[in-house]
Amino acid sequence: MWELQEILQEHHVFYPIYQQAHEILSQVCEEGVSETDLAVHLHFNVATDRHRYNLPTSNEIAVILPGDGSEPKAMRDIVIRLHGGPLERIHEAHPAYLPLHYVLFFLYGELGWHVELHHTLIDEYRQYIEDQSKASCLTQMDFYSFCLFSRHTEFLTILRGGKLLQEFMVDAWATTEQNRLRYLRMNQDVLQADVYQGLADALGTIVNEEINLNNLGRRIILYSTHIGSARHMFEIFQDSIAIT
């Protein structure tokens, strides 16, 4: 542990933040402030679908996403305290989130994914790519796939992380999924959501002679390729029926 601490102290670019956190915790202990242990318990709502909202049955690492999806800005509340400065909030897609949270995986404080990351296209493959500007963008899935890809020429600390590796993978999925949903929410014009909503409302008035204004609203439409969405589940159901 002393060797790891020396490596972090010498090479990790965010080490001053950890050092300040240690000083704050030490000061709290000296002042005699008692620590509070908090626990989270999950309770099943009998009014929900048991197949979708059932309680976990095994001891596994999971993630609890904030909000129910209706809030446009449902993001994690991640707060850091700058050295000698005020508190600052960052989101889960901030490039400093990974090196600050998974210290042992990023011993040198390497930044995580951000929107300015791009692929390095090899010249011999450029001729096969139609839109090189779009293909050069590095997605979150590409970034995490690279982090979790086993390479014989490198010693990957992440793949030897044990339980911390499981937390990293769950965290990576949650972050990527939330950003995908946020993109779909902000780009509903591409999906022509207004036309879809108008058609759905019109069909509703055909079935029900009386129009209930409370049933008219705006819904968020997901791609059929979005895994787990209603359209995706309907498509794979149709495929299974066709196969049988």
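The values are calculated or read from the model by the stated rules, or taken from the named source; none is laboratory data. Remember, it's a predicted structure, so these values are computed and weren't measured experimentally. Ideal geometry is used to build each Cβ from the backbone, glycine not excepted, and the neighbour counts take in all protein chains shown.
So for region 114-129 (the condition being within 22 Å of the chain's Cα centre (by Cα), more than 19 Å from VAL170 (Cβ to Cβ), modelled with pLDDT of 85 or more and assigned to a loop (DSSP other than H, G, I, E, B)), does at least one residue qualify?
Taking every residue of region 114-129 in turn, at least one turns out to be within 22 Å of the chain's Cα centre (by Cα), more than 19 Å from VAL170 (Cβ to Cβ), modelled with pLDDT of 85 or more and assigned to a loop (DSSP other than H, G, I, E, B).
Looking at this structure, is VAL79 in a strand (DSSP E or B), modelled with pLDDT under 80 and surrounded by fewer than 11 Cβ atoms within 10 Å (Cβ to Cβ)?
yes
Filter region 33-54 for residues that are small (Gly, Ala, Ser) and at pLDDT 70 or above and give the result.
The answer is ALA39, ALA47.
Note down all Cβ pairs under 7 Å where the first residue falls in region 175-196 and is at pLDDT 65 or above, the second is part of a helix (DSSP H, G or I) and among the hydrophobic types (A, V, I, L, M, F, W, C), and they're at least six residues apart or on different chains.
Going by the 7 Å Cβ cut-off, the qualifying pairs are THR176/MET141.
Counting only residues that are touching a helix residue (DSSP H, G or I) at 6+ places or on another chain (Cβ under 6 Å) and over 14 Å from ILE80 (Cβ atoms), which one in region 2-25 is surrounded by the most Cβ atoms within 10 Å (Cβ to Cβ)?
Applying the filter and picking the extreme gives LEU8.
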